[in-house]
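Colleague: After the structure tokens below, expect a handful of questions from me.
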Protein chains: 2
Amino acid sequence: MPAVYEGAVQDLIDEFGDLPGIGPKSAQRMAFHILAADSASVERLIDALRAVKARVRFCATCGNIAESEQCAICRDPRRDGRVICVVEEPKDVVAIERTREYRGLYHVLGGAIDPISGVGPDDLRVRELFARLGSGEVEEVILATDPDVVGEATAAYLTRMLRTMSVPVSRLASGLPVGSDLEYADEVTLGRAFEGRRRVE
Amino acid sequence: MPAVYEGAVQDLIDEFGDLPGIGPKSAQRMAFHILAADSASVERLIDALRAVKARVRFCATCGNIAESEQCAICRDPRRDGRVICVVEEPKDVVAIERTREYRGLYHVLGGAIDPISGVGPDDLRVRELFARLGSGEVEEVILATDPDVVGEATAAYLTRMLRTMSVPVSRLASGLPVGSDLEYADEVTLGRAFEGRRRVE
């Protein structure tokens, strides 16, 4: 889409368009919303942007996002420090927290091992994970990297490395999503569902 | 989605989520992008937001967005002042400019007449349109409001009101979109295409 608006509006459309998942049409709609919005609400957005850059950092223990040295989960004395769930990104922590099933701690790798993108174990918080396991307090490591190629490769790598630590390692189950239709499941997922079948009686 | 991030990140997700067309997932992805972005690019976004609020206003003549008293189109001496194309919003101006077919001026109403939302002619720049026609320079008014219910109602209202001005009034053609498939056209569009058929030989 050629730049047809005058300076400031086009600049804002371009800036919004640089955000992930925002196409030119969305960027335009957002810019017009800002144009029509009252100044107070625009200032609130600006304050929120500034606050994130100024206040948010990564938890020194687990790598999750935090506003102090440690994140809210690591600081919470009710969490079970004997279990560590390893995930790729802070948003995975949020996804798991939403289930309300898990009461242990996390370890955020900051990505997955991906040779094509040049991401190796040293680019992730793998060393920090082993340092945490060194204390001897941890009784289980749950590998919750994504069930895609790089996530599986990362889980396989960590499984191999963790053998030296004599701590039980588990991997989240793969299988059919709840509420899905068997007919439309891809072969790999269906194969995993067979492989991981559980006796019910 | 419950607020599970710590303060600043959640605040930014909420602010992004208030923008039009941005759901919770997109807002989260955008906030994480900001978190990871370098400060300079975030400052560019903040500057663009501020600049829009500080510098952009509406053209005193046509109501299009402008950075001075008049918009770039009204200031352009190459535009044909004898034709005025009436549109609902500044983005409609952009859509028409993109065709490179039209060399006249515009009049941006700032919306459409919509009794359900309580928008009447006095809430739009209708009086300003009549003031422009008063000069006697204008030889054609093209009604380019959207071909939806409120746009058609607005065009019908303006047609009636413009009868007193003895200036030719036209309406953009309705019909089949170029490149579309007749089979999938809705009945109203197909009916309009018949109604507006043109002799080719």
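Colleague: Taking the rotation axis that maps chain B onto chain A, which residue of B brings its Cβ closest to that axis, and at what distance in whole Å?
Modeller: Looking at chain B's Cβ atoms against the axis toward A, the nearest is B:Ile46, 3.
Colleague: Can you list the copy-to-copy distances for B:Asp148, using a point 7 angstrom from Cα toward Cβ, in nanometres, shortest first?
Modeller: Ordered by distance, the counterparts are at 3.4 nm.
Colleague: List, shortest first and in nm to one decimal, how far the label point of B:Gly179 (7 Å from Cα along Cα→Cβ) is from its counterparts in the other copies.
Modeller: Counterpart label points of B:Gly179 in the remaining copies fall at 3.6 nm.
Colleague: Of all the C-alpha pairs in segment B:127-201, what % are more than 17 Å from each other?
Modeller: 56
Colleague: Hey, another quick one. Amide H of B:Leu172 versus every other amide H placed in the peptide plane: which residues, excluding those fewer than 5 positions away on the same chain, fall under 5 Å?
Modeller: Under 5 Å from the amide H of B:Leu172 lie the amide H atoms of B:Leu143, each far enough along the sequence or on another chain.
Colleague: While we're looking at this one, here's another question. Once you've got the GNM for chain A with C-alpha springs shorter than 10 Å, pick whichever of A:Ile142, A:Ile46, A:Ile113 has the biggest mean-square fluctuation.
Modeller: So, out of A:Ile142, A:Ile46, A:Ile113, the one fluctuating most is A:Ile46.
Colleague: As I understand it, the dipole of the protein assembly as shown uses +1 on the Cβ of Lys and Arg and -1 on the Cβ of Asp and Glu, about the Cα centre. Which of A:Gly23, B:Ile84, A:Ile46 lies farthest toward its positive end?
Modeller: Of the options given, the answer is A:Ile46.
Colleague: Would you mind computing, in nm to one decimal, how far apart the modelled labels at A:Arg50 and A:Arg160 are, each placed 7 Å from Cα along Cα→Cβ?
Modeller: Spacing of the two 7 Å Cα→Cβ label points: 5.0 nm.
Colleague: Here is a follow-up. Arrange the following residues from fewest to most other Cβ atoms within 10 Å of their Cβ: B:Val188, A:Val56.
Modeller: With the fewest neighbours first, B:Val188, A:Val56 line up as B:Val188, A:Val56.
Colleague: Would you please give the FRET efficiency between A:Ser180 and B:Arg79, computed as 1/(1 + (r/R0)^6) with r the Cβ-Cβ distance and R0 = 51 Å, to the nearest 0.05?
Modeller: FRET efficiency, A:Ser180 to B:Arg79: 0.35.
Colleague: A follow-up question, please. Most exposed first by the Cβ proxy, i.e. fewest other Cβ within 10 Å, how do A:Asp148, A:Asp123 rank?
Modeller: A:Asp148, A:Asp123
Colleague: To the nearest 0.05, how large is the calculated FRET efficiency for A:Asp123 and A:Glu152 if R₀ is 25 Å and r is the Cβ-Cβ distance?
Modeller: Efficiency, rounded to the nearest 0.05: 0.90.
Colleague: Rounded, prolate or oblate, given the Cα gyration tensor of segment A:90-180, with a/c below 1.5 counting as rounded?
Modeller: Oblate.
Colleague: What residue among B:Asp18, B:Asp80, B:Asp122 shows peak mean-square fluctuation when chain B is described by a Gaussian network model with Cα springs under 10 Å?
Modeller: Highest fluctuation among the options: B:Asp18.
Colleague: As a check on your grasp of the helix formula, calculate [θ] at 222 nm for the protein assembly as shown: sum -39500 (n - 2.57) over DSSP H runs of n ≥ 4, divide by the residue count, round to the nearest 500.
Modeller: Only helices count here, giving -13000 deg cm²/dmol.
Colleague: Could I ask something else about it? Quick one: B:Ile96, A:Ile34, fewest Cβ neighbours within 10 Å first, how do they rank?
Modeller: With the sparsest Cβ surroundings first, the list reads B:Ile96, A:Ile34.
Colleague: Related question: Cross-link candidates for B:Lys25: which lysines have Cα within less than 25 Å, leaving aside residues fewer than 8 places away along the same chain?
Modeller: Qualifying lysines at Cα under 25 Å: A:Lys25, A:Lys53, A:Lys91.
Colleague: With +1 on each Lys and Arg Cβ and -1 on each Asp and Glu Cβ, and nothing else charged, work out how big the dipole of chain B is about its Cα centre, in Debye to the nearest 20.
Modeller: Charge dipole, chain B, about its Cα centre: 800 debye, nearest 20.
Colleague: Still on this structure: Report, for B:Asp123, each distance to the same residue's label point in the other copies, shortest first and in nm; define the point 7 Å along Cα→Cβ.
Modeller: Those separations, rounded to one decimal, come out as 5.3 nm.
Colleague: Using the crude model of +1 on Lys and Arg Cβ and -1 on Asp and Glu Cβ, and no other charge, please compute the dipole size for segment A:1-120 relative to its Cα centre, in debye to 20.
Modeller: Its charge dipole is roughly 580 debye.
The numbers here are math on the coordinates, done by the rules we state, and not lab data. Computed from a prediction, not measured in an experiment: that's the story for all the values here. Virtual Cβ from ideal backbone geometry, glycine too; neighbours counted across all protein chains shown.
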